[in-house]
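Single-structure report; data block below.
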Amino acid sequence: MTSVESPGSQGLKKEVEVLDEAIIRFAGDSGDGMQLTGTQFTNTAALLGNDLATFPDYPAEIRAPIGTLAGVSAFQIRFSNFDIHTPGHRPDVLVAMNPASLAVHIDDLKVGGVLLVNTAVFRKREIQMAGFEKNPLEDEAFLGHYRVIQVDLNQLTKETLKDSPLDSRSQMRCKNMAALGILFWLYNRDMESTFDEINTKFGKKPDVAEANIKVIKAGYNYGETAELLQHTYKVEKADLPKGTYRNISGNNATAYGCVVASKLAGVSLFLGSYPITPASDILHTLSGMKQDDVITFQAEDEIAGICSAIGASFAGRLAMTTTSGPGVALKSEAIGLAVMTELPLVIVNVQRGGPSTGLPTKTEQADLFQALYGRNGECPMPVLAAATPSDCFDMAIEAFRIATKYMIPVMLLTDGYLGNGSEPWLLPNVEDLPEIKVEFRTDPEGFLPYAHDEKTLARPWVKPGTPGLEHRIGGLEKADGTGNVEYSPDNHFHMTKLRQARVDIIADDIAEPAFMGDRDGGDLLVVGWGSTYGAICGGVNLARKEGLKVSQLHLRHLNPLHKSLAGTFSKFKQILIPEMNMGQLYTVLRSEMPAMNMVKMSKVMGRPFYNDEIHAKIQEMIG
Amino acid sequence: MTTTTKPDPEQKLKAKDYASDQEVKWCPGCGDYGILKSVQKAFADMGIPKHEVAVISGIGCSSRFPYYMDTYGFHSIHGRAPAVASGVKLANPKLSVWVATGDGDALSIGGNHFIHMIRRNVGLKVLLFNNRIYGLTKGQYSPTSEQGKVTRSTPDGSVDTPFKPLALALGSQATFVARGFDIMSPHLQTIIREAQAHEGTAFIEVYQNCNIFNDHAYDSIVEKKIRDDMLVHVEHGKPLLYGKDLDKGLIWTCNTLTAVKIGDFDEDLGREVTLEDIVVWDAKDPNPTLAFGLTQLREGIDPTPIGVLRAIEGPKSYDTMVHEQLAQVQAKKPARSIEELLHSGKTWQV
């Protein structure tokens with residue numbers, strides 16, 4: 001951390017502290033526009049060249065009663081001058097737009113951190129609703145822990161917009177922009193890109209655009225003029241790999257991956273889906289991609305979502321369905337149908353807290369067993385998991401590559417944390433993308449609908465409408481070759497083994513899991529899957545800097561597992577498996593490799609792991 | 001989308017050309033045989049190329065149908081045929097997509113898909129084999145079984161109120177609604193041909209006898225001797241007359257369809273009924289009130305309507321509109337290369 005002197009706008013000398021990273025959490029009522037404010041700050045950070053990670057944390061209720069604890073919505077961004085993998089844990093700055101958001105989030109704020117509060121709503125009623133006995137802003141002991149900026153954002157907004165043609169309600173909606181302006185001042189951010197974005201977004205409503213921009217400027221100027229804090233901060237550009245970047249959320253990355261897979265395959269995409277939190281954004285994004293020949297079908301329920309996709313796959317489209325855990329439960333019979341009919345299909349599960357309706361807006365990774373085993377009969381299917389928001393892109397392509405090559409449904413697991421979280425994404429070179437080769441059978445000569453390729457065990461994919469290849473498929477057991485209904489004991493056993501073998505052989509066709517550390521081995525290997533990647537990476541890095549002999553291995557293919565695992569595991573004295581569940585991957589790996597010394601680490605709180613939690617566990621085990 | 005399959009009499013396909021090589025495994029004497037024959041015959045008459053047909057089914061006796069048709073076929077899971085078929089039709093609107101389903105499959109486990117398929121008006125042709133019983137699970141009552149029915153799961157008689165499938169379809173805003181009989185093949189073939197020509201969802205209820213678990217279910221209305229008096233043929237542009245001498249008919253008085261005999265005194269009219277009083281059927285009437293009235297006639301007391309009750313012209317099918325919308329967007333915005341797609345958002349250089 002270094003200090004530099006920089007001239008302020010009025011020629012005053014102001015101290016600017018240069019930081020490696022900062023974490024800001026915007027918290028307010030559901031209607032306060034915190035997600036938007038956070039996103040706006042994020043876009044600016046991205047354009048300024050920081051590495052970043054975000055974590056939106058919003059309530060399941062669309063608009064819980066104003067001022068209640070249940071209605072608090074938050075958005076955390078961590079931005080830095082180095083490569084980061086998680087949105088971090090404790091914020092350096094907490095923006096609390098009302099007493100309830102202060103109550104929910106204050107315990108996370110670092111001691112000595114900056115607390116920006118909107119004093120306008122620290123009224124008796126709101127303070128009581130937040131569960132405070134007295135106004136925390138009048139509590140000297142409380143205030144002593146933090147550097148508190150108290151601003152009446154309502155008043156600031158009102159005064160700024162006194163000449164605006166907007167009605168007072170619309171004016172008040174801009175108050176989050178005042179907070180944004182103060183944060184821009186605090187971190188010495190350039191605001192031009194934000195203004196551009198607002199002008200584009202409200203192109204048809206210039207009054208609204210102007211009001212938003214005015215209020216941001218007012219917030220910035222207020223910070224500067226009132227000298228709210230002695231220091232302001234600067235976080236320089238990150239030294240990221242060269243190339244073109246865009247900011248991307250996991251759900252958008254999934255959508256893009258699927259469309260790119262369709263372009264690589266030369267087969268148009270079909271999505272059959274039913275809205276469900278936190279997966280709906282994939283449906284929204286794909287619905288807007290008709291120009292890329294995407295058909296989206298918002299079905300009457302989860303079952304129709306997948307069944308329409310199965311129908312579209314039968315008819316020769318690249319088909320997919322998107323959902324979350326409760327939806328997968330409803331789709332499981334249809335997944336079995338896709339396994340039985342040997343049709344390519346991608347099922348995306350953006351996992352959330354369960355069981356049942358559970359915690360719709362909170363993250364969890366407790367659907368691994370469901371993905372692996374949650375169907376009747378012997379019903380194996382490949383299961384993949386994305387590790388970061390941008391990795392959702394790669395894994396969506398991988399899912400379709402496997403589905404079409406092996407004629408099999410594939411489950412792709414992401415989660416709410418990945419789906420809603422975002423990060424800068426280094427755009428890949430098109431030449432580096434994998435090949436997806438789809439050939440529809442058109443030759444009637446010797447055609448058998450259930451003839452299986454020697455290498456891939458895939459049956460031919462035929463588009464209805466092709467002369468001479470009329471055939472029937474269905475959920476009843478099929479005879480190898482002809483595909484006729486066949487109940488004989490030997491055939492059933494043979495087909496059961498064939499369906500398993502088709503999954504097993506994929507193990508020879510997948511990339512080795514990501515590994516960080518010492519290939520030769522060491523005291524501890526931390527093994528993860530899915531969205532825990534960033535936190536594990538952070539925790540392992542901290543421990544390695546302390547000289548601990550710890551490495552990281554991260555799985556993106558959960559079924560089949562890569563064949564190198566046993567060899568890698570055997571080089572380490574202990575294996576730690578942190579999961580946002582009660583130990584599902586742990587159980588799978590234990591049954592595969594019973595001799596290894598594995599330890600599970602569970603967190604089922606609707607929240608992701610933090611670097612420091614992983615770090616502490618590593619220290620506990622080998623420190 | 002209007003099925004582009006043009007009947008091609010030159011090809012001269014015969015009914016047996018539509019039969020697959022699979023042995024038909026319905027119980028001997030089952031009404032399903034008659035329906036299968038009618039479909040194959042009607043397809044042959046229309047000359048629909050076999051490869052342009054996809055038959056999609058759910059689960060149940062009726063849903064074995066695709067295996068016996070030498071077309072593309074998909075025997076899916078219980079109740080979900082409309083959803084699977086919707087996906088097929090959206091993926092390739094040029095196909096003639098038929099749904100084979102039963103009273104349990106379509107109206108019980110698949111009720112939700114059934115009503116949504118109809119309200120969307122997906123260009124599917126639906127054959128609902130209504131035998132008023134669960135056959136494949138060996139004889140439980142179905143959602144169309146009459147109240148009081150004694151079955152293996154209702155030893156003291158069913159207390160369930162049955163669905164009237166045609167009323168349900170009309171309530172779901174069906175654009176084509178018809179009813180036929182397994183044993184009246186030429187009549188059923190006519191309906192099948194009209195369904196094929198219809199743009200949106202064409203719903204056909206087929207009264208079908210299950211000679212194992214619900215034998216004689218329709219004898220009281222379709223036995224040859226009484227048929228003329230118990231069935232009224234509904235045909236567009238023709239009066240709703242029935243009876244061996246066509247001396248009976250339906251009149252519309254007091255917001256209801258009433259069965260009358262021509263020449264008899266009618267209290268609501270206050271005079272003798274004449275031929276002019278008989279409702280002349282308009283299957284193209286956008287208002288479904290009279291069609292709904294037909295579905296409310298009391299079976300066994302009033303004549304049971306058969307034929308095409310409703311076939312309105314105009315509404316586009318769901319798949320037509322989906323593909324029109326695709327084309328409209330694509331006319332304005334050309335398809336992107338992968339490179340263009342990846343760079344489509346706000347990007348920056350490092």
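The values are calculated or read from the model by the stated rules, or taken from the named source; none is laboratory data. What you are looking at is a predicted structure, and each value in this text was computed from that prediction instead of being measured. For neighbour counting, all protein chains shown are included, and Cβ atoms are generated from backbone atoms with ideal geometry for every residue, glycine included.
To keep it simple, each residue is scored yes or no on (1) within 14 Å of chain B (Cβ to nearest Cβ); (2) not polar (S, T, N, Q).
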{"residue": "A:THR322", "(1), (2)": "no, no"}
{"residue": "A:SER332", "(1), (2)": "yes, no"}
{"residue": "A:GLU342", "(1), (2)": "yes, yes"}
{"residue": "A:GLY358", "(1), (2)": "no, yes"}
{"residue": "A:ALA371", "(1), (2)": "no, yes"}
{"residue": "A:GLU378", "(1), (2)": "no, yes"}
{"residue": "A:LEU413", "(1), (2)": "no, yes"}
{"residue": "A:LEU418", "(1), (2)": "no, yes"}
Exercise. Scan segment B:49-90 for residues that are more than 7 Å from every other protein chain (Cβ to nearest Cβ), in a strand (DSSP E or B) and not β-branched (Val, Ile, Thr) and jot them down.
Key: B:SER57, B:MET69
Self-check item: Residue list for segment A:250-293, restricted to those being under 18 Å from A:CYS392 (Cβ atoms), out of contact with any Ser or Thr (no Cβ under 7 Å at 6 or more places or on another chain) and of a type in the set (A, V, I, L, M, F, W, C)
Solution: A:CYS258, A:VAL259, A:VAL260, A:ALA261, A:LEU264, A:MET289
Self-check item: Yes/no for A:GLU398 being crowded, with 24+ Cβ neighbours inside 10 Å, acidic (Asp, Glu), away from chain B (no Cβ under 13 Å) and in contact (Cβ under 8 Å) with a residue 40 or more places away in the chain
Solution: yes
Quiz item: Mind checking whether some residue in segment B:101-121 is within 11 Å of chain A (Cβ to nearest Cβ), touching a Phe, Trp or Tyr at 6+ places or on another chain (Cβ under 6 Å) and either at pLDDT below 95 or crowded, with 22+ Cβ neighbours inside 10 Å (or both)?
Solution: yes
Quiz item: Does any residue of segment B:75-86 turn out to be of a type in the set (Lys, Arg) and either crowded, with 24+ Cβ neighbours inside 10 Å or touching an Asp or Glu at 6+ places or on another chain (Cβ under 7 Å) (or both)?
Solution: yes
Exercise. Report yes if some residue within segment A:294-303 is among the acidic types (Asp, Glu), crowded, with 19+ Cβ neighbours inside 10 Å, in the same structural domain as A:MET395 (by TED's automatic domain parsing) and within 25 Å of A:PHE440 (Cβ to Cβ); otherwise report no.
Key: no
Exercise. For residues that are charged (D, E, K, R), in contact with a helix residue (DSSP H, G or I) (Cβ under 9 Å, 6 or more places away or on another chain) and in contact (Cβ under 8 Å) with a residue 40 or more places away in the chain, tally how many sit in segment B:258-295.
Key: 1
Exercise. Could you identify the single residue in A:SER168, A:SER164 that is over 18 Å from A:THR42 (Cβ atoms), free of Cβ contacts under 8 Å to residues at least 60 places away in the same chain and surrounded by 14 or more Cβ atoms within 10 Å (Cβ to Cβ)?
Key: A:SER164
Exercise. Kindly establish whether A:VAL121 is surrounded by 23 or more Cβ atoms within 10 Å (Cβ to Cβ), modelled with pLDDT of 95 or more and closer than 30 Å to A:PHE202 by Cα.
Key: no
Self-check item: Condition broken by B:GLU199, with the remaining ones in (1) loosely packed, with under 13 Cβ neighbours inside 10 Å; (2) among the acidic types (Asp, Glu); (3) touching a residue at least 60 places away in the same chain (Cβ under 8 Å) satisfied
Solution: (1)
Self-check item: Residue check, A:GLY567 on the phi > 0 side of the Ramachandran plot and outside the structural domain of A:SER390 (by TED's automatic domain parsing)
Solution: no
Quiz item: Does A:ILE436 satisfy the criteria of being within 12 Å of chain B (Cβ to nearest Cβ), under 35 Å from the mean Cα position of the chain (by Cα) and among the hydrophobic types (A, V, I, L, M, F, W, C)?
Solution: yes
Exercise. Assess whether B:ALA169 counts as being at pLDDT 95 or above and under 23 Å from B:GLY31 (Cβ atoms).
Key: yes
Exercise. Would you confirm whether any residue within segment A:224-238 is in the same structural domain as A:LEU426 (by TED's automatic domain parsing), in a helix (DSSP H, G or I) and farther than 18 Å from B:TRP348 by Cβ?
Key: no
Quiz item: Tally time: how many residues in segment A:463-511 are surrounded by 14 or more Cβ atoms within 10 Å (Cβ to Cβ), more than 10 Å from chain B (Cβ to nearest Cβ), in a loop (DSSP other than H, G, I, E, B) and touching a residue at least 24 places away in the same chain (Cβ under 8 Å)?
Solution: 5
Quiz item: Any idea which residue in segment B:308-343 is farthest from the other protein chains (Cβ to nearest Cβ), counting only those that are within 30 Å of A:ASP239 (Cα to Cα) and either touching a Lys or Arg at 6+ places or on another chain (Cβ under 7 Å) or exposed (fewer than 13 other Cβ atoms within 10 Å of the Cβ) (or both)?
Solution: B:GLU340
Exercise. Would you check if there is a residue in segment B:109-117 being in contact with a His (Cβ under 6 Å, 6 or more places away or on another chain), β-branched (Val, Ile, Thr) and in a helix (DSSP H, G or I)?
Key: yes
Quiz prompt | Top-ranked residue in segment A:289-318 [being of a type in the set (Asp, Glu) and not in a helix (DSSP H, G or I); ranked as nearest to the other protein chains (Cβ to nearest Cβ)] | solution = A:GLU300
Quiz prompt | Residue that is surrounded by the fewest Cβ atoms within 10 Å (Cβ to Cβ), among those in segment B:203-235 that are outside any helix (DSSP H, G or I) and of a type in the set (A, V, I, L, M) | solution = B:ILE226
Quiz item: Among the helices (runs of 4 or more DSSP H) contained in segment B:236-350, which hold 1 or more residues that are at pLDDT 95 or above and within 28 Å of the chain's Cα centre (by Cα)?
Solution: B:289-295, B:318-332
Practice problem: Report, by residue number, each residue of segment A:254-282 that is part of a helix (DSSP H, G or I) and either within 11 Å of another protein chain (Cβ to nearest Cβ) or of a type in the set (D, E, K, R) (or both). | Solution: A:ALA255, A:TYR256, A:GLY257, A:VAL259, A:VAL260, A:ALA261, A:SER262, A:LYS263, A:LEU264, A:ASP281
Quiz item: What is the one condition in (1) assigned to a strand (DSSP E or B); (2) without any contact (Cβ under 8 Å) to a residue 24 or more places away in the chain that B:LYS149 does not satisfy?
Solution: (1)
